[in-house]
Amino acid sequence: MTTAEVLVKCLENEGVQYIYGIPGEENLEVIEALKGSSIKFITVRHEQGAAFMADMQGRLTGKAGVCLATLGPGATNLVTGVADANMDGAPLVAITGQVGTDRMHHMTSHQNLDLETLFAPITHKTKQVVRPDTVNEIVRIAFKYAEGAPGASHIDLPCNIAAMEVPEGPGQKPLRRQVPVSSRAGDAMIRQAAEMIARADRPVVLAGADAVRSGAAEALTNFMHSLGIAVVNTMMAKGAVPCDDPLSMWTVGIPHMDYQNVLLRKADLIIGVGYDIVEYSPEKWNHGGHANILSIGRRPIQVNRMYQPNLEVIGDIAYTLGEISKVLHGRKKADAGWALEIGREMRAEHESYSSDTSFPMKPQRVLCDVRRSLGAADILVSDVGAHKMWIARHYNCFEPNTCIISNGFATMGIGVPGAFAAKLLFPEKRVLTITGDGGFMMNCQEIETAVRMHVSFVTLIFRDSHYGLIKWKQEDRFGSSSCVGFGNPDFVKFAESMGAIGYRVTKAEELPDILENAFRQEVPVIIDCPIDYSENTKLTAHEAEIWKRYMGE
């Protein structure tokens, strides 16, 4: 068996279904080894798309997605997607081809880059295979680090090592997958946490992505009900508690003065559950660093002067929440009336846009229609841009992992390849990506991949011919914008040229039917929807009014 063949056997042992990538001269041995494998190779149109697909698979399954590229420019094209997975906590393993070890000492050798050094800052672990009999260990190391504290790992495989035979013996056998046993917080820490909550008059939970990743959503919902505590979630924790529950206060976003920010400021105890500062900076909600904080998570938090918990409880999140509830069982629940009052106003405001007929469409109305079109278990993948702010604020979820937002690295271009991977993995679900015209054009070539692979998801483009989020920030800060405009192709004709179907929204009343027709198609669909982004600066002013009304500032 060659090193490449052992590599493939090890990937099979890890449960890998798909590898996303592009063949190259330096990974030909791996491509050849895949011919007899159960693993399906998905040939993409750009390596960044491959990395985003693997990233999305990691987010949705908790098991590392795998992407493959050749050396040099193929490897550098992976970098953005790998960095996105690493910072957003999505398990991913990137594999790159490399020059042979016989010419690595020539630093100017054709397409030669030190890929271990390149990938080191954007992965948990990067290893080069320099001996054939170590590849099985290196694969197991890569998956262990990617899936442990979830993020990215990298394997660099020189082409001459890939072709070498692995000596008979232990080096040919995949290593056993080890499933770590979750640690549990001690009774003393749980009692201290319970007493902190019992002393609070206005506790609020700030739920983060690890509440979803760790499978603690049901435990969090039970905790919320048993103690009567309102829950605010980050963008990456949508669906951690059902959005139709009165105690669900939906999503805290980029603006600093929305309903959720009022709740966090008024709270006398913030209970961070699976919260990571990369998701939403504590500087945006912990005014002056004075908040009382109880942190509940699987791992120690990062050091940050604006997030210094009074108590940090480390261990299995679901277990911790359940044990705290048991300690406080029978005691008086927290009075959440103050939070419910804010929640009622928030919900009424959101509902007020459901029948708005103005055109170009307001993003709030579009998201009302989208929510009605998608079932509770269907998947919305958000690209990055101004639309992401509106999705965070106006698209709310009943279940975890049904709205995927990149908000650690926050990378434009993830929408189309991310939706492709979601639909590939869950063909029974409706899958929609909402993207701006800027983000769409960054990886629109993967529509061809979807057509070729018969993967039929829907892409809804918010068209305004600008990098809308930056325009919004410019207008808020300077009163005008510059350097953010661009032209667009005819997106309907673009879809048709790729073998997909295109629709164009010409009035607000058309969108519900267009969405329904789109989801009935057996090919990818692109919907061109002109959007009224004058609502951006109006939202900034509206939030200032919310803050003044509730906080008097």
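The values are calculated or read from the model by the stated rules, or taken from the named source; none is laboratory data. Bear in mind the structure is a predicted one, so any value in this text is a computation, not a measurement. Here the Cβ is made from the backbone with ideal geometry for all residues, glycine too, and neighbour counts use every protein chain on show.
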Residues of the stretch 353-382 that turn out to be in a loop (DSSP other than H, G, I, E, B) and hydrophobic (A, V, I, L, M, F, W, C), as a count: 4
Tally, over the stretch 463-474, of residues that are under 21 Å from V366 (Cβ atoms) and either part of a helix (DSSP H, G or I) or of a type in the set (A, V, I, L, M) (or both): 5
Hits in the stretch 307-323 - residues which are in contact with a Lys or Arg (Cβ under 9 Å, 6 or more places away or on another chain) and either exposed (fewer than 14 other Cβ atoms within 10 Å of the Cβ) or of a type in the set (A, V, I, L, M, F, W, C) (or both): I314, I317
Selection from the stretch 434-465 of residues that are within 29 Å of S534 (Cα to Cα) and of a type outside the set (A, V, I, L, M, F, W, C): T435, G436, D437, G438, G439, N443, T459, R463, D464, S465
K507 being modelled with pLDDT of 95 or more, under 25 Å from S355 (Cα atoms), in the same structural domain as S382 (by TED's automatic domain parsing) and not hydrophobic (A, V, I, L, M, F, W, C): yes
Residue check, V231 assigned by TED's automatic domain parsing to the domain that holds A291 and either in contact with a Cys (Cβ under 7 Å, 6 or more places away or on another chain) or part of a helix (DSSP H, G or I) (or both): no
Qualifying positions in the stretch 26-57 - at pLDDT below 95 and among the acidic types (D, E): E26
Residue within the stretch 444-466 that is hydrophobic (A, V, I, L, M, F, W, C), in the same structural domain as V381 (by TED's automatic domain parsing) and over 27 Å from V44 (Cα atoms) present: no
Some residue of the stretch 142-153 being buried (at least 17 other Cβ atoms within 10 Å of the Cβ), among the hydrophobic types (A, V, I, L, M, F, W, C), under 24 Å from A90 (Cβ atoms) and over 24 Å from the mean Cα position of the chain (by Cα): no
Selection from the stretch 525-552 of residues that are more than 28 Å from S481 (Cβ to Cβ) and either out of contact with any strand residue (DSSP E or B) (no Cβ under 7 Å at 6 or more places or on another chain) or surrounded by fewer than 19 Cβ atoms within 10 Å (Cβ to Cβ) (or both): R549, Y550, M551, G552
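For every residue, the table says whether it meets (1) farther than 22 Å from A219 by Cα; (2) not polar (S, T, N, Q).
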site: T234; (1), (2): no, no
site: V241; (1), (2): no, yes
site: S248; (1), (2): no, no
site: T251; (1), (2): no, no
site: M257; (1), (2): yes, yes
site: R265; (1), (2): yes, yes
site: D276; (1), (2): no, yes
Members of the stretch 482-510 found to be part of a loop (DSSP other than H, G, I, E, B) and among the aliphatic types (A, V, I, L, M), listed by number: V484, M498, A500, V505
Qualifying residues in the stretch 342-359 (those that are over 29 Å from A267 (Cα atoms) and without any contact (Cβ under 8 Å) to a residue 40 or more places away in the chain) - the one surrounded by the most Cβ atoms within 10 Å (Cβ to Cβ): S354
Elements of type helices (runs of 4 or more DSSP H) contained in the stretch 1-111, each with 1 or more residues being among the polar types (S, T, N, Q): 3-13, 47-61, 73-88
Check on I514, of a type in the set (V, I, T), surrounded by fewer than 17 Cβ atoms within 10 Å (Cβ to Cβ) and without any contact (Cβ under 8 Å) to a residue 60 or more places away in the chain: no
Selection within the stretch 100-119 - over 13 Å from T76 (Cα atoms) and either in contact with a Leu (Cβ under 6 Å, 6 or more places away or on another chain) or modelled with pLDDT of 95 or more (or both): none
Residue, nearest to A217 (Cα to Cα), within the stretch 285-340, restricted to residues that are of a type in the set (A, V, I, L, M) and assigned to a helix (DSSP H, G or I): A318
Any chance E522 is farther than 25 Å from F440 by Cα and either surrounded by fewer than 14 Cβ atoms within 10 Å (Cβ to Cβ) or among the hydroxyl-bearing types (S, T, Y) (or both): no
Residue pairs meeting the criteria (Cβ under 7 Å; at least 6 apart or on separate chains; first assigned by TED's automatic domain parsing to the domain that holds T234, in the stretch 277-291; second small (G, A, S) and buried (at least 16 other Cβ atoms within 10 Å of the Cβ)): V278/G408; E279/G208; E279/A209; E279/G408
Which listed residue is of a type in the set (D, E, K, R), assigned by TED's automatic domain parsing to the domain that holds V212, under 24 Å from G552 (Cβ atoms) and at pLDDT 95 or above, from D244, D258, D268: D268
Qualifying residue in the stretch 114-132 (condition: at negative phi, assigned to a helix (DSSP H, G or I), surrounded by fewer than 24 Cβ atoms within 10 Å (Cβ to Cβ) and in contact with a helix residue (DSSP H, G or I) (Cβ under 6 Å, 6 or more places away or on another chain)): yes
Test result for K493, surrounded by fewer than 16 Cβ atoms within 10 Å (Cβ to Cβ), over 26 Å from the mean Cα position of the chain (by Cα), of a type in the set (D, E, K, R) and under 26 Å from R45 (Cβ atoms): yes
